[in-house]
Amino acid sequence: MSPRRWIQLGVAFLALAFVLWAGYFIFRSSFIAADGRRYFSLFDDAMISMRYAWNLSHGMGLVWNLGERIEGYTNILMVIWMAIWTGVLDKSSAVLAVQLISMAFSLAALTTYTSSNTTNGALPPSSIEQLMT
């Protein structure tokens, strides 16, 4: 088997392992509330951004609470990205959408990085050094 094929199989294995881990993580970090619905959660900074995104998408502006003008988010692009999903989905579904789409972007980045750094079936030495550090 050629080195390129080994790399492709390795990337496929990593992608599958990542999807399984991410799916398990998303499921385990969710919970079923008293109303019987499953809710998905983000952690710390992401939930802060989600609150700003929810308010933005519902016409209240980039605020934590209505009437308070405090910039408490750390990543405006993430807030805008989340605002798209909070504008069309309910809170729990928006969180799940952000998690699943982030997972897809991570897979795309892995695939793009691997395919752009593969030359004649092998990784260049500089890429191998980057992977080892």
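Quick note: the coordinates plus some simple rules give every number you see, no bench work behind them. In this text, all values refer to a predicted model and were calculated from it rather than measured experimentally. FYI the Cβ positions are ideal-geometry reconstructions off the backbone, even for glycines, and counts take in every protein chain you see.
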Would you work out the charge dipole size for the stretch 1-99 about its Cα centre, treating the Cβ of every Lys and Arg as +1 and the Cβ of every Asp and Glu as -1, and quote it to the nearest 20 debye? 440
From the helices alone, meaning DSSP H stretches of at least four residues, give me the mean residue ellipticity at 222 nm for the chain, per-run term -39500 (n - 2.57), in deg cm²/dmol to the nearest 500. -21500 deg cm²/dmol
With 5 Å bins from 0: P(r) over the stretch 3-132, alpha-carbon pairs, percent: 2, 10, 15, 16, 14, 12, 11, 9, 7, 4, 2, 0
Among trypsin sites (Lys or Arg not before Pro) in the stretch 42-121, those in a DSSP loop whose Cβ has at most 10 other Cβ atoms within 10 Å are R69
